[in-house]
Each structure stands twice: as C-alpha cells, then as structure tokens.
Amino acid sequence: MSLTSAATLATLERTGPRRITDLAAVEGVTQPAMTALVRVMEESGLVERRGDASDKRVTLVCLTEAGASYVRTRRQAGVQAFERLIGELTGDEVESLLAALPALKHLAELESQDREGPKR
C-alpha cells in the first residue's frame, strides 16, 4: 500500500467521512489522483462512498470495517516496533524521551491541524 493510501485511511479514521476534494487537499494530491486512489481502495474493500445526508449532491468517502482494521493493525505494528527499539535504550535515554513527550505531543497536534485543514 502506498504512503498516500495509508495516510488517507488514517485521515478517515481520525476525522470521519470526507469529500474526495477535502481528502485531496489534506493529503496534498490532485483531485483526479485522489479519485483514482479512492477507487482502488474501494475495490479493495477499505473504503466506500456514501451520500451526505445534509446535501444529496455530495458523496463522502467512508472507512469500512476492513479499512479501520487495517489502520489499527498498522498502528499496532508501529507501536510494537517502537517498544522494541525503546527497550534497547539506556535508562538516561528513556528519561530524555519521557521529558520530550509534551513537546512531541504538541508537534503531533500541530501537524494534525495542518493536515486536516478547515473542517466542513
């Protein structure tokens, strides 16, 4: 799976259903590229398109249970990799990481706000 596909699934998991144009903007790709990407992920059963109850002209891309499961599995694999690597650090290095957590959390929040852009 491409990084853009994985990032798109993670965005849908974090923010809920989105328009293709919104997803394209958030992921930094063109609308035609996102349309093609969504088509492939839809064929794989990871996303589905649904109408927007508030505007019948709009189609939203939604994460399926298979897509949500994929995101959870990928995230857990990342957690396990970090746990293994942190286990190889010295006590002082672990303490340094713990001291840096508030700043890292703030960076993640800023990045998330940047990627999500304005909410509908």
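The values are calculated or read from the model by the stated rules, or taken from the named source; none is laboratory data. Since we're looking at a predicted model, the values are computed, not measured. Ideal geometry is used to build each Cβ from the backbone, glycine not excepted, and the neighbour counts take in all protein chains shown. The protein model used for the area step is the full one, side chains on, heavy atoms only, and it has no ligands, DNA or RNA in it. Shrake-Rupley method; radii C 1.70, N 1.55, O 1.52, S 1.80 Å.
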Practice prompt. With 5 Å bins from zero, work out the P(r) of the chain over every alpha carbon pair and list the percent per bin.
Written response: 2, 10, 17, 19, 17, 12, 9, 7, 4, 2, 1, 0
Worksheet, complete the sentence: Expressed as a percent, the accessible surface of the chain that is carbon or sulfur, using a 1.4 Å probe and the full set of protein chains, is 57
Worksheet item: At a Förster radius of 22 Å, what calculated FRET efficiency corresponds to the Cβ-Cβ distance of T21 and S44, to the nearest 0.05?
Response: 0.55
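Scale the Cα Rg of the stretch 45-100 by the rule-of-thumb value 2.2 N^0.38 Å and send over the ratio, two decimals. Kindly include the intermediate steps, with their values, before the conclusion.
Working: Rg = 19.6 Å, N = 56, 2.2 N^0.38 = 10.2 Å.
It is 1.93.
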Fill in: Solvent exposure of the stretch 33-89 as accessible area per residue, Å², 1.4 Å probe
67
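Where nothing but the Cβ of Lys and Arg (+1) and of Asp and Glu (-1) is charged, how large is the charge dipole of the chain around its Cα centre, in debye to the nearest 20? Walk me through the intermediate numbers first.
Working: 16 positive and 18 negative charges, 144 e Å.
The dipole of the chain has a size of about 700 debye.
Which value in deg cm²/dmol, rounded to the nearest 500, describes the helix-derived mean residue ellipticity at 222 nm for the chain, given -39,500 (n - 2.57) per DSSP H run of n ≥ 4 and division by the residue count? Please report the intermediate quantities before stating the final value.
Numbers: 5 runs with 82 residues, N = 120.
Calculated mean residue ellipticity at 222 nm is -23000 deg cm²/dmol.
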Worksheet, complete the sentence: Taking only protein heavy atoms and a 1.4 Å probe, the highest-to-lowest accessible-area order of T30, T35 is T30, T35
Fill in: Cα→Cβ-extended label distance, 7 Å offset, between V94 and R72, nm
2.8
Worksheet entry | Placed amide H near V47: partners under 5 Å, 5+ positions off or other chain | E42, T64
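In percent, what relative contact order does the chain have, based on Cα pairs under 8 Å that are 6 or more apart in sequence?
25
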Worksheet item: E43 accessible area, nearest 10 Å², 1.4 Å probe?
Response: 140
